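**Student:** Below is the structure I would like to discuss, written out as structure tokens.
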Amino acid sequence: MKPDVVRTVQEIRKHVQKQKLAGKSVALVPTMGGLHEGHLSLIKKAQEVADYVVVSIFVNPKQFNNPDDLNSYPSDEATDLKNIEKLGADVVFIPSVKEMYPDAFATDVKVSAGIDILCDAHRPGHFGGVATVVTKLFLQVGADFACFGEKDFQQLFIIKRLVADLNIPIKIVPAPTVREEDGLAMSSRNARLSKSDRQIAPQLQAAMQAVKTNLHKGISIEQACKHAWNSLEKDDHFKVEYLEVRCGEKMVLMDKPSEGCRLFAAAWLGGVRLIDNIEI
Ligand code: PAF
């Protein structure tokens, strides 16, 4: 069945309130469109945890610090709606920029944990934009659950902090990273890789798996990461931004691997920034 499509805060609130009055639980899957299997797995997860599923599509200008990145962000509403319809989500909320950020808009939400490191060190202001839009979506929709992928682990960490700090009555449901058969983490940005770069892209995940293997053999984090960094950059295809092992719970940098720690990576390939993380 075709999902309802609504474009205003008033309409989405009406839809959700009706479900809640009928005793139904509601899950939100926030997206920026360009839906791929990773998003679809989030919608399936939402259907497992709640009776009624809201998917939001909003390319949030506040979280792009590079105008070219914003302008080239894949956007195809008709295809996204077809994919959502196949899974049977209930309603799609597609607000305009004006609806989300009217002229007088003057509020920013800033989380002070999990920042200045990893992606935030390279994309200053990005997570402020994410925190602001996610807070708005949580308050607008009033869902009981919200599903986020572990591929954006730092984002997930910051959103969990935000929800706890602001006492927002919503449960954050994480979902594992979905990968292509060759190991590349799914991302809307993969569509921008050239044909030859798409062949090379899985080397990032392969280098990360090699770090994991080396750590399990007792090689130090420093040595294992240095080796992976050099091997990725040796042919001048990748430009590595970071390759770090951090504790998955507090995001602090580890000097020795221990339970629950993760390897985080970001690298440029052509004009495309790839990020990934794995449990060690
Ligand atoms: O992960 C994303 O797609 C975005 O950062 C999100 C959470 C939808 C906020 O714009």
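The values are calculated or read from the model by the stated rules, or taken from the named source; none is laboratory data. As the structure is a prediction and not an experimental result, all values here were calculated from the model. Every residue, glycine among them, receives a Cβ derived from its backbone with ideal geometry; neighbour counts consider all protein chains shown.
**Student:** Can you tell me which of Phe145, Phe127 is more than 13 Å from the ligand (Cβ to nearest atom) and at pLDDT 95 or above?
**Tutor:** On the way: Phe127 fails: more than 13 Å from the ligand (Cβ to nearest atom).
After applying the criteria, what remains is Phe145.
**Student:** Could you grab me the full set of residues in the range 14-60 that are in contact with a helix residue (DSSP H, G or I) (Cβ under 6 Å, 6 or more places away or on another chain) and of a type outside the set (A, V, I, L, M, F, W, C)?
**Tutor:** Correct list: Pro30, Thr31, Gly33, Gly34, Tyr52, Ser56, Asn60.
**Student:** Looking only at residues that are in a loop (DSSP other than H, G, I, E, B) and of a type in the set (S, T, N, Q) in the range 59-106, which one is surrounded by the most Cβ atoms within 10 Å (Cβ to Cβ)?
**Tutor:** The first filter runs over the range 59-106 and keeps only residues in a loop (DSSP other than H, G, I, E, B), leaving 59-60, 64-66, 72-76, 88-90, 94-96, 101-106.
Now narrow it down to the ones that are of a type in the set (S, T, N, Q): 60, 65-66, 72, 75, 96.
Numbers: Asn60: 20, Asn65: 14, Asn66: 11, Ser72: 14, Ser75: 14, Ser96: 10.
Result: Asn60.
**Student:** Report yes if Leu243 is in contact with a helix residue (DSSP H, G or I) (Cβ under 7 Å, 6 or more places away or on another chain), farther than 21 Å from Leu35 by Cα and of a type in the set (A, V, I, L, M, F, W, C), otherwise no.
**Tutor:** On the way: in contact with a helix residue (DSSP H, G or I) (Cβ under 7 Å, 6 or more places away or on another chain): yes; farther than 21 Å from Leu35 by Cα: yes; of a type in the set (A, V, I, L, M, F, W, C): yes.
Taking the combined requirement at face value, the residue satisfies it.
**Student:** Still on this structure, please answer the following. Which pairs turn up if I take residues in the range 1-22 that are closer than 10 Å to Val92 by Cβ and look for partners that are of a type in the set (Gly, Ala, Ser) with beta carbon separation below 7 Å, at least 6 apart in sequence or on another chain?
**Tutor:** From the range 1-22, the pairs are Pro3/Ala89; Arg7/Ser96.
**Student:** What pairs can you find where one residue is in the range 172-190 and in contact (Cβ under 8 Å) with a residue 60 or more places away in the chain and over 15 Å from Pro202 (Cα atoms), the other is assigned to a strand (DSSP E or B) and within 13 Å of the ligand (Cβ to nearest atom), and their Cβ atoms are less than 6 Å apart, with a gap of 6+ or different chains?
**Tutor:** Matching pairs, first to second residue: Val173/Cys147; Ala175/Cys147; Ala175/Gly149.
**Student:** Checking Val133 against (1) under 19 Å from Pro67 (Cβ atoms); (2) within 15 Å of the ligand (Cβ to nearest atom); (3) surrounded by fewer than 19 Cβ atoms within 10 Å (Cβ to Cβ): exactly one of these is not met. Which one?
**Tutor:** All conditions pass for Val133, except number (3).
**Student:** Select, from Glu244, Glu233, the only residue that is among the acidic types (Asp, Glu) and surrounded by fewer than 16 Cβ atoms within 10 Å (Cβ to Cβ). Before the answer, list the steps.
**Tutor:** Values: Glu244 fails: surrounded by fewer than 16 Cβ atoms within 10 Å (Cβ to Cβ).
The unique qualifying residue is Glu233.
**Student:** A follow-up question, please. Do you know which of the residues in the range 1-34 that are assigned to a strand (DSSP E or B) and within 14 Å of Gly142 (Cβ to Cβ) is farthest from the chain's Cα centre (by Cα)?
**Tutor:** In the first step, residues of the range 1-34 are kept if they are assigned to a strand (DSSP E or B); the result is 4-6, 26-31.
Filter once more, keeping what is within 14 Å of Gly142 (Cβ to Cβ): 6, 26-28, 30.
Numbers: Val6: 23, Val26: 20, Ala27: 16, Leu28: 14, Pro30: 9 Å.
This residue is Val6.
**Student:** Just checking, which of Ser196, Ser112 is small (Gly, Ala, Ser), surrounded by fewer than 19 Cβ atoms within 10 Å (Cβ to Cβ) and in a helix (DSSP H, G or I)?
**Tutor:** Ser196
**Student:** If Cys261 passes every condition in (1) within 30 Å of Val49 (Cβ to Cβ); (2) of a type outside the set (Ser, Thr, Tyr); (3) surrounded by fewer than 19 Cβ atoms within 10 Å (Cβ to Cβ) but one, which one does it miss?
**Tutor:** (3)
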